[in-house]
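The values are calculated or read from the model by the stated rules, or taken from the named source; none is laboratory data. Everything quoted here is computed from the prediction, not taken from an experiment. Don't worry about glycine lacking a Cβ; one is built from the backbone with ideal geometry, like all the others, and counts go over all protein chains shown.
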């Protein structure tokens, strides 16, 4: 809502407020988090807050957008280097789980958004799905994803796999490195590959071709 | 926490309080929902509330358990009649989406549980996964599910598909019947079948067998 800060110091203050908010919202929930708590944690005078954000709700919306941008960047950077679609999926999921381990607040904040700011919740999911569905459609054109798949439904479904596996194995029970165990990541890759990968031509078709 | 009601009238009062709570929690969120609002909506005297529940939190936990039992029953009844695993999956997902359409409060209440009662949240997911993973393991023994799958990871992944597809196509945009469009259900069945179904024997193996 408010304009972007025009100085490097302004950008730092804004970032400090967002980081403080991430912790305070996750710890106390939206209702009990106050601007005072957030400015105290950020080491910023209370009056300064309103140079950057209109309200607690405005800050909340910006925080959801900020986390959203960062999780998408982490996933796309991880999968960009992969040699094929399956490795890209695996790398993307690994990056999502690692981001979740570093920012466990993401889940709590997104779930709070259900009540606090449904608009921010929709935008969060829509933005992730948009890029994901585009990537699937592109892979479909290259023959790496089965042709009968609707990339939009597939993107929502795969996001659901990441969300619940991340909840179970990152938020509830992390391994030593804070990510999901390799075995779980292997299983996710197996499921995703089966779900979206091209089928081997069935036996009948091959025999028909040969006759 | 409190003991089960011993009369039919008691059971009706308890059910009325649970139903009222489902609506009040979903409309106002946990923090703003009060015992007074819930008893008013249920048409029950406020003092009567404490014959059935120890507190607002106790009622919340019971409500999560109640919705959990009902959604699991709806899914298992729908899939029990199916002739094979794939039809059973499709029927189970359809029943889950239909239940979500009838009880949109389920999502809001489960998401509130993240803050209000993490124990109830864990129990909700664990119970669904437990039955689901057992069903997958059984289907694996009958050769209907790929043998290299970990039923537990698969159950969490499939539950994630249901959760986000349900959010997108039931909560956000329902079709005329209140369920997900057939096209989306078809795509979900396709994805799930690909994810967990047995692979067609790959070409190389078949040629090796033939040589």
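Please go through segment A:1-39 and give me each residue that is in contact (Cβ under 8 Å) with a residue 12 or more places away in the chain, more than 14 Å from chain B (Cβ to nearest Cβ) and more than 22 Å from residue A:99 (Cα to Cα), ordered by number. Before the answer, list the steps.
Initial filter on segment A:1-39 (in contact (Cβ under 8 Å) with a residue 12 or more places away in the chain): A:1-2, A:5, A:10, A:13-14, A:16-26, A:29-30, A:33-35, A:37-39.
Those left that are additionally more than 14 Å from chain B (Cβ to nearest Cβ): A:1-2, A:5, A:10, A:13-14, A:16-23, A:34-35, A:37-39.
Of everything in segment A:1-39, those that are in contact (Cβ under 8 Å) with a residue 12 or more places away in the chain, more than 14 Å from chain B (Cβ to nearest Cβ) and more than 22 Å from residue A:99 (Cα to Cα) turn out to be A:1, A:2, A:5, A:10, A:13, A:34, A:35, A:37, A:38, A:39.
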**OP:** Please work out which one of (1) more than 7 Å from chain A (Cβ to nearest Cβ); (2) crowded, with 22+ Cβ neighbours inside 10 Å; (3) more than 16 Å from the chain's Cα centre (by Cα) is the condition residue B:173 fails and give its number.
**Re:** (2)
Original post:
If you go through segment A:146-157, how many residues are over 19 Å from the mean Cα position of the chain (by Cα) and within 11 Å of another protein chain (Cβ to nearest Cβ)?
Top reply: 4
Original post:
Within the set of pairs 6+ apart or on separate chains, which have a first residue in segment B:108-124 that is assigned by TED's automatic domain parsing to the domain that holds residue B:67, a second that is modelled with pLDDT of 85 or more and assigned to a loop (DSSP other than H, G, I, E, B), and C-beta atoms under 8 Å apart?
Top reply: B:122/A:172
Original post:
Among the helices (runs of 4 or more DSSP H) contained in segment B:117-211, which hold 1 or more residues that are at pLDDT 90 or above and touching a helix residue (DSSP H, G or I) at 6+ places or on another chain (Cβ under 8 Å)?
Top reply: B:118-141, B:151-166, B:182-196
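Within segment A:69-87, is even one residue in a loop (DSSP other than H, G, I, E, B) and not assigned by TED's automatic domain parsing to the domain that holds residue A:187?
Step one: filter segment A:69-87 for residues in a loop (DSSP other than H, G, I, E, B), giving A:81-84.
Still in the running and not assigned by TED's automatic domain parsing to the domain that holds residue A:187: none.
No, the conditions are met nowhere in segment A:69-87.
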**OP:** For segment B:99-109, enumerate the residues that are crowded, with 20+ Cβ neighbours inside 10 Å and under 11 Å from the mean Cα position of the chain (by Cα).
**Re:** B:99, B:100, B:106
**OP:** Name every residue in segment A:57-77 that is under 20 Å from residue A:115 (Cα atoms) and crowded, with 18+ Cβ neighbours inside 10 Å, in order of residue number.
**Re:** A:59, A:60, A:61, A:62, A:63, A:64, A:67, A:68
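Any idea which of B:133, B:137 is assigned by TED's automatic domain parsing to the domain that holds residue B:73 and within 16 Å of residue A:164 (Cα to Cα)?
Working: B:137 fails: within 16 Å of residue A:164 (Cα to Cα).
After applying the criteria, what remains is B:133.
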Subject >> Given (1) over 15 Å from the mean Cα position of the chain (by Cα); (2) within 14 Å of another protein chain (Cβ to nearest Cβ); (3) over 28 Å from residue A:121 (Cβ atoms), index of the condition residue B:186 fails >> reply: (3)
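Would you call residue A:11 assigned to a helix (DSSP H, G or I) and surrounded by 15 or more Cβ atoms within 10 Å (Cβ to Cβ)?
Details: assigned to a helix (DSSP H, G or I): yes; surrounded by 15 or more Cβ atoms within 10 Å (Cβ to Cβ): no.
Taking the combined requirement at face value, the residue does not satisfy it.
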